[in-house]
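What follows is calculated from the coordinates using simple rules that are stated; it is not laboratory data. Everything quoted here is computed from the prediction, not taken from an experiment. We place every Cβ from the backbone using ideal geometry, glycine too, and count neighbours over all the protein chains shown.
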Amino acid sequence: MLNVVITGNVAAGKSTVADWFVRWGLTVIAADDLVREVQSPGTKTLRDIESRFGRDVLLPDGALNRAALRKKVLADPAELASLNAIVHPAVARLRAERTEEARARGESIVVNDIPLLFEVLRPDNFDLVILVDAPERVRKRRLLERGLTEDEAQRLMASQLPAGPKREQSHIVIDNNGGLADLEKRAREVWAELPNTAPR
């Protein structure tokens, strides 16, 4: 089974490409979905988050208040590291389960959608690394359009490694510096080549 990972800095367009891969028939294991699952009410991960960051990171119904938690961790790298130490091991275990389920179903390709690949994992754990990249000014504009403040957008972008070294360590780079049609054309080219790629 070809174990692919798609990554990209925030607002680069990675999720759009991953969504197309799903639509075109690939199995995609999205880190954001895994995070939501391990942080759902009643889980050990959410209890650990509450214990570390306080009751105010929960909504009245007991669900995680993502905006409140984001403000806490983006203001302090040590706090972000503490959160990652709680969440990432749980996500890794769930990802391994989903991968084995796909293998058992006879899937020939699995795509892992992991925004923080280079920050928290080893790229060489995957057969193929696909990076979606966009200029910094474009990514910042998209974050502002999503409702983040200038400071929040800057902190979020600064919390990730720059794209340059990521490009050097990726097997395929999809540049998202044009329109949506250009991005889809390039994504479809990559998608079409995946079945011809042998696992390492």
Q | In degrees, nearest ten, helix 180-193 long axis to first principal axis of the chain (Cα) | A | 60 degrees
Q.
Under 5 Å between amide hydrogens, which residues at least 5 positions from LEU58 or on another chain qualify, with H placed 1.01 Å from N in the peptide plane?
A. ASN65
(Q) Relative to 2.2 N^0.38 Å, what does the C-alpha radius of gyration of the chain come to as a ratio? Two decimals please. (A) 1.05
(Q) Taking 25 Å as R0, compute the FRET efficiency from the Cβ-Cβ separation of SER159 and GLU184 and round it to 0.05. (A) 0.30
Q: Please give the helix 136-145 orientation as an angle from the longest Cα principal axis of the chain, in degrees from 0 to 90, rounded to the nearest 10.
A: 50 degrees
Q.
If you only keep lysine pairs separated by 8 or more in sequence, or across chains, how many in the chain come under 30 Å at the Cα atoms?
A. 15
Q.
Could you give each residue of the stretch 147-159 its phi-based ³J(HN,Hα) in whole Hz, using Karplus coefficients 6.51, -1.76, 1.60 with θ = phi - 60°, and x for Gly or Pro?
A. x, 6, 6, 4, 5, 4, 4, 5, 5, 5, 5, 6, 6
Q: Determine the relative contact order of the chain: mean sequence separation of Cα pairs under 8 Å and six or more apart, normalised by residue count, in whole percent.
A: 38 percent
Q: Calculate how steeply helix 14-23 sits against the longest principal axis of the alpha-carbon atoms of the chain, using the helix alpha-carbon long axis, and give the answer as 0 to 90 degrees to the nearest 10.
A: 60 degrees
Q | When the stretch 102-200 is reduced to its Cα atoms, the Kirkwood hydrodynamic radius in Å | A | 15.5 Å
